[in-house]
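Enquirer: After the structure tokens below, expect a handful of questions from me.
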Amino acid sequence: MDRLLQDLLKGDTRALSRVITRVENRSADSLDILRQLFRHTGKSQIIGVTGSPGSGKSTLVDRLAAEFRKKNNTVGIIAVDPSSPFTGGAILGDRIRMQTLGVDPGVYIRSMATRGHLGGLAAATADVAAVLEAAGKDPVLIETVGVGQDEIDIVRLAEISIVVLVPGMGDDIQALKAGIMEIGDIFVINKCDRPGVEKMERAILGLLSLGHRADGWQPPIVKTTATKGEGVAELLEAIDRYYVFFRNSISRSRKKQEAERQRLINLLEERLVNTAVEQIFPDGELNDLVSAIAERRQDPYSVVEQIIRSLRFQRLNIS
């Protein structure tokens, strides 16, 4: 194990892939791996790219990573794909659309399946991002799955959230609603070779004029045509302005604290649920209970209440 982590910290791609696989699959040694790598994290830019399906997120991430490579950054990319309904794995559509980066040793691309997790990210995305940080990837670009207005998990994980919209796809109407539009630090109108760009821009400006952010940041609107590489350099400049604006600020510190708070809660939820299942159903009685619920011989509400009471009783006995 120590040799594997040493190779990862030295930048070995094969070691990085093996570690990520263990972390994503929640293998027995995954927690020990994350513990040892934690002190090597916290130094990379975590940039989230979100938006509706078909907005061109993958192509934009591809071109944005190429711009970072011009500055000699080593880039990590997490592309969260929809889960296959047959195997549960990632369909890999995003990775296919990033073929121009495939031969660049300074870019590491990892596709992750949502595995039914809502919010636009996979359950282990934060941990995989931490592994990429420990491996020296800076920035780490995270592309969400593209599920619509409720993929807001990215704002809790990323330091900066980029919302990608496309004219002529109804996004000008979505801009007037609560949800995904409220999380943007930078708005990108992609595919600007289509009609309706001005209408889209007016809709976003109208939304932003309804209120002012407490941190004082005014989210810029960047127009791009990612397939042609147009506007990508301007997007990178907007990202740099964001980091300069928030450098050593109280708002950035608070955002990091909130991100770590949410991460801690997520870890607690995962461990507590697994612990409850192991302690209450050690011999596979869970399947029998599920069958009873499916056959309406038992209701899930009473079952959960019984589990909570049992855990409380065990806690009292321990204390």
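Enquirer: Tell me which lysines have Cα within less than 25 Å of residue 57's Cα, excluding those fewer than 8 residues away on the same chain?
Expert: Qualifying lysines at Cα under 25 Å: 43, 70, 71, 137, 177, 191, 199, 223, 228, 255, 256.
Enquirer: If you don't mind, another one. Lys and Arg at +1, Asp and Glu at -1: add these up for the other residues within a Cβ distance under 11 Å of residue 261 and post the number.
Expert: +3
Enquirer: Using the Cβ atoms and a cut-off under 14 Å, what net charge is assigned to the surroundings of residue 216, where Lys and Arg are +1 and Asp and Glu are -1?
Expert: With Lys, Arg at +1 and Asp, Glu at -1, the net is +4.
Enquirer: Residue separation times 0.36 nm, minus the C-alpha to C-alpha distance between residue 271 and residue 288: what's the value?
Expert: Contour length minus the Cα-Cα distance gives 3.9 nm.
Throughout, read-outs are computed from the coordinates displayed, never taken from laboratory work. Just so it is clear, the structure is predicted and the values come from calculations on it, not from any experiment. Please note: Cβ atoms are built from the backbone with ideal geometry, for glycine as well, and neighbour counts cover all protein chains shown.
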